[in-house]
């Protein structure tokens, strides 16, 4: 087994204070291939100490331009090291190589985008009349805590750490328990490019142990969290102790796709989108289009096309060429998804594809065949609850109004999708969907230049776009009597 990956605190790589090391499992083989050191509350406090000291250290002398150029340098390093990082990423997470490479490019793009905004922040002056000067300063929040998920660990790391650093904050990051190695490998690139000690600290470990320590500490002036609704509520309660701002919170989704194309000749796009929703990241995406509301005259033709596309998906480990759908991230998550498939069958949904382990992958690895349920309704748990796997449900509807009502009838409100060639339908439906992000005739524009985030129990705040960096700043007003 390889040497353990260590914590990064105050510019130094070190073991956790109690020496705990946890095996890292390849989800395609179920074999341990490395170890990672886990942090303790003592380590979390050391990281917060370091981040607080760094606010008044060398980091405070860096101009916005220098911070921006630094992020550009890290982005360039990500690209130089992409091939090596992608192998580790696939080994730890199970992503096929093209998906791992795509996420690394996303990480670099976030670093570049927010690096470019670092020197665009400005205050303002306010005219209060003769003899008075009033101006507004835009300052960093201070120490920010970032609790990252396992499904897109590098993408989500960079989409919050990049704007936080660009605005002059310091960061303490807790990666997901399931995925730490590739995040630590990315952190090493920040170190190699010369980030001052204490500005970025990364502590793998148990969320239930480290989470409360990091979110309840009065030194923390901003919290970013991506994860479950249950944990999100706990984070909000912790933040309330010290009235700590929660910059962004993404808590999941159950995205709906509304298929209202002209006729069956236009179903290739949505059918490909449905299959792609299962293949990309093995369906482990908050924005996965998992509920498909299809106009009744298109329903059976759509099912036929989806089955055809699903049969063409290649499932397997990242080491096999041409793989489109890898394993789920862990045994725990695999069991959870398989349980939902069982529930769907018990609820009376018609299983038309998948439903178990795919053929040809053997008995090792957390592989789930792309699974499609038809004849579903909104009362079913497989329609209402987030499964987070390669599973979709298809529901027939008789009208656009019915589709809208059913799409909005869910506790989540992250994203939705419309398939139509009618521009009036496209705009009117987009306005009525109770979500934070709508796509039309495809799934794109989820980051970088545009805001992304949810409503209802999908969370609060927005990541991406110029508004995101403002959330990592606070305003200070200064008044001067010139008389």
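The values are calculated or read from the model by the stated rules, or taken from the named source; none is laboratory data. Every value quoted in this text rests on a predicted model; they were computed, and no experiment measured them. Cβ placement follows ideal geometry from the backbone for every residue including glycine, while neighbour counts extend to all protein chains displayed.
For the reader, a short list of remarks on this structure follows.
- Unique match (being part of a loop (DSSP other than H, G, I, E, B), in contact with a helix residue (DSSP H, G or I) (Cβ under 8 Å, 6 or more places away or on another chain), under 25 Å from residue 414 (Cα atoms) and touching a residue at least 12 places away in the same chain (Cβ under 8 Å)) among 222, 252: 252
- Wholly enclosed helices (runs of 4 or more DSSP H) of region 382-483 bearing at least 2 residues assigned by TED's automatic domain parsing to the domain that holds residue 126 and either touching a strand residue (DSSP E or B) at 6+ places or on another chain (Cβ under 6 Å) or under 30 Å from residue 369 (Cα atoms) (or both): none
- Among all residues of region 352-368, there is at least one that is touching a helix residue (DSSP H, G or I) at 6+ places or on another chain (Cβ under 8 Å), under 12 Å from residue 391 (Cα atoms) and in contact (Cβ under 8 Å) with a residue 60 or more places away in the chain.
- Taken together, 189, 214, 154 contain a single residue that is in a helix (DSSP H, G or I), over 16 Å from the mean Cα position of the chain (by Cα) and crowded, with 21+ Cβ neighbours inside 10 Å, which is 214.
- Tally of residues being crowded, with 24+ Cβ neighbours inside 10 Å and not in a helix (DSSP H, G or I) across region 60-119: 3
- Positions within region 262-293 being more than 19 Å from residue 313 (Cα to Cα) and surrounded by fewer than 22 Cβ atoms within 10 Å (Cβ to Cβ), in sequence order: 262, 263, 264, 265, 266
- The criterion of at least 1 residues that are touching a helix residue (DSSP H, G or I) at 6+ places or on another chain (Cβ under 6 Å) and more than 27 Å from residue 195 (Cα to Cα) is met by the following strands (runs of 3 or more DSSP E) wholly inside region 5-56: 21-26.
- The residues on offer are 329, 361, 323, and the sole one that is part of a loop (DSSP other than H, G, I, E, B) and within 22 Å of the chain's Cα centre (by Cα) is 329.
- Taken as a whole, the structure leaves residue 259 outside the set of residues that are buried (at least 17 other Cβ atoms within 10 Å of the Cβ), more than 20 Å from the chain's Cα centre (by Cα) and more than 30 Å from residue 381 (Cα to Cα).
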